[in-house]
Ligand code: BES
Ligand code: ZN
Ligand code: ZN
């Protein structure tokens, strides 16, 4: 772990100075000053070399004693400087800087904000994005090879040249970034090294670090309180299920409680309705929802906002043995509704059903569930957008707003009556857990919504977005930690609807 230290308007010694450079925009004062020192050679170079200003291009220029900084990183902005509406682009650009400083093993860098964006009101936002991008872009997947995971030297000091003090904002952004990296670590961890009880241990560490109240419900208690849906899924595995509960009380009264329910399936084989063998190893990521909730709780625990948040994580494996749940079985969930299990691979909605009921029982007034729930969501939206289902437009629009600010895209699915009716197609039980391929993500979401029972609720299906198969500027192949930032952003200023 590295530390971020930021200083303002103070000429500290740094190895690298980062400056944004555009084709036509109003030139930044810094650029003009540097150009003067270089006798106009920089503006000359900009005219000749279009690459210098190309959006996302990073050009290193050695100052050879003409400046106290040894190296300049010019970051191409395209035509002109950016506005804060272009926060996604800024996140990308700062991530490119983050990757380069890491590669060059820079420990002290400085960055001039006015060269990227001239809107002074938004310096704080810029600082937040900088802190976040630096953390995200430096993430590396932990591996288990003989020679690996050496501690890498990394940025110990960032000087931000700004007109106002933005240290706090940069640090908040940084917290958001490292909490996402924490979720990525959990998602990337192999299933044998992250069982339901390991997940519970992770939650205990968080609780200790942030003084959360914690409760881990064990199997015997689940039997007593009737968590039949979670128990049914866990029946096929030797690993005991856990219902993990974390409570953060930032207000005096336990009111206006935001409940976060995360799917903690530490390995999903499909059960008796077994999955095909291709990419089965990737099903270690089926606890991405739990990871998002824990990551968000890390942000909340660090920043300590005046809000109440309850995290509930049903954790289990979905395997198959002689006691495993079978297609055709009828189970009874904690709230009394019966479910005919048509497909044991639709297990997420089962464990989440009890998670939702339990969160309500513990006082949640609003519910957000987050889950790697359906393959169908990636057919609909690909791997860049999270699918949403809701029973409350006001809560939904708060989630949308939070997601737009963080650049984690969310799209809401329709919930017309026929979709609801598809859930009621069992002859023997209240609900059918797998009504068929049509509208798979919607029916899956609405199934979970059956357990919200009138409480404002938003469901986030991250089966497409929790894992990326291509590297990008903000992170490598593997777990993305998606929704940590959106949920945290929503939660820290949450005041109900
Ligand atoms: N964990 C899977 C969904 C998933 C698929 C996550 C791909 C990540 C990547 C979930 O439990 C599942 O298997 N869903 C089934 C539901 C179906 C049986 C109704 C699916 O999507 O096929
Ligand atoms: Zn499944
Ligand atoms: Zn699953």
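The values are calculated or read from the model by the stated rules, or taken from the named source; none is laboratory data. Small disclaimer: the values here were computed from a predicted structure and weren't measured. Cβ: placed from backbone, ideal geometry, glycine included. Neighbour counts: every protein chain shown.
Looking at 51, 60, just one residue is at negative phi, surrounded by fewer than 18 Cβ atoms within 10 Å (Cβ to Cβ), assigned to a helix (DSSP H, G or I) and in contact with a strand residue (DSSP E or B) (Cβ under 8 Å, 6 or more places away or on another chain), and that residue is 51.
Considering (1) in a helix (DSSP H, G or I); (2) in contact with a strand residue (DSSP E or B) (Cβ under 9 Å, 6 or more places away or on another chain); (3) in the same structural domain as residue 473 (by TED's automatic domain parsing), the lone condition that residue 171 does not fulfil carries the number (3).
Run down 136, 230 and say which single residue is outside the structural domain of residue 98 (by TED's automatic domain parsing), assigned to a helix (DSSP H, G or I) and crowded, with 22+ Cβ neighbours inside 10 Å.
230
The condition of being under 18 Å from residue 352 (Cβ atoms), away from ligand 2 (no atom under 16 Å from the Cβ) and assigned by TED's automatic domain parsing to the domain that holds residue 373 holds for only one of 434, 452, 466, that being 452. Here residue 156 does not qualify as touching a helix residue (DSSP H, G or I) at 6+ places or on another chain (Cβ under 6 Å), in the same structural domain as residue 122 (by TED's automatic domain parsing) and in contact (Cβ under 8 Å) with a residue 24 or more places away in the chain.
Residue-by-condition table, conditions (1) over 19 Å from the mean Cα position of the chain (by Cα); (2) surrounded by fewer than 24 Cβ atoms within 10 Å (Cβ to Cβ); (3) at pLDDT below 95:
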{"position": "306", "(1), (2), (3)": "yes, yes, no"}
{"position": "310", "(1), (2), (3)": "no, no, no"}
{"position": "328", "(1), (2), (3)": "yes, yes, no"}
{"position": "342", "(1), (2), (3)": "yes, yes, no"}
{"position": "355", "(1), (2), (3)": "yes, no, no"}
{"position": "358", "(1), (2), (3)": "yes, no, no"}
{"position": "369", "(1), (2), (3)": "no, no, no"}
{"position": "381", "(1), (2), (3)": "no, yes, no"}
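Condition check ((1) farther than 22 Å from residue 332 by Cα; (2) within 16 Å of ligand 3 (Cβ to nearest atom); (3) in contact (Cβ under 8 Å) with a residue 12 or more places away in the chain) across all residues:
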{"residue": "377", "(1), (2), (3)": "yes, yes, yes"}
{"residue": "385", "(1), (2), (3)": "yes, no, yes"}
{"residue": "395", "(1), (2), (3)": "yes, no, yes"}
{"residue": "400", "(1), (2), (3)": "yes, no, yes"}
{"residue": "403", "(1), (2), (3)": "yes, no, yes"}
{"residue": "424", "(1), (2), (3)": "no, no, no"}
{"residue": "433", "(1), (2), (3)": "no, yes, yes"}
{"residue": "473", "(1), (2), (3)": "yes, no, yes"}
{"residue": "484", "(1), (2), (3)": "yes, no, yes"}
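Per-residue answers, yes or no, for (1) under 29 Å from residue 250 (Cα atoms); (2) touching a helix residue (DSSP H, G or I) at 6+ places or on another chain (Cβ under 6 Å); (3) within 16 Å of ligand 2 (Cβ to nearest atom):
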site	(1), (2), (3)
288	yes, yes, yes
298	yes, yes, no
306	yes, no, no
312	yes, yes, no
323	no, no, no
331	no, yes, yes
337	no, no, no
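Looking across 364, 353, one residue alone is within 16 Å of ligand 3 (Cβ to nearest atom) and either in the same structural domain as residue 242 (by TED's automatic domain parsing) or in a loop (DSSP other than H, G, I, E, B) (or both). It is 353. Restricting attention to region 317-333, the residues that are within 14 Å of residue 241 (Cα to Cα) and part of a strand (DSSP E or B) add up to 2. Residues in region 103-120 that are surrounded by fewer than 18 Cβ atoms within 10 Å (Cβ to Cβ) and part of a helix (DSSP H, G or I): 103, 120. There is no residue in region 249-263 that is near ligand 1 (Cβ under 10 Å from one of its atoms), part of a strand (DSSP E or B) and either in contact (Cβ under 8 Å) with a residue 40 or more places away in the chain or within 21 Å of residue 469 (Cβ to Cβ) (or both). Being surrounded by 19 or more Cβ atoms within 10 Å (Cβ to Cβ), under 20 Å from the mean Cα position of the chain (by Cα), at pLDDT 95 or above and not assigned by TED's automatic domain parsing to the domain that holds residue 93 holds for only one residue in 333, 403, 397, and it is 403.
Filtered by the rule that a residue be crowded, with 24+ Cβ neighbours inside 10 Å and closer than 18 Å to residue 282 by Cα, region 160-185 gives 183, 184. Restricting attention to region 32-48, report how many residues are closer than 30 Å to residue 87 by Cβ and assigned to a loop (DSSP other than H, G, I, E, B). Final tally of qualifying residues: 0.
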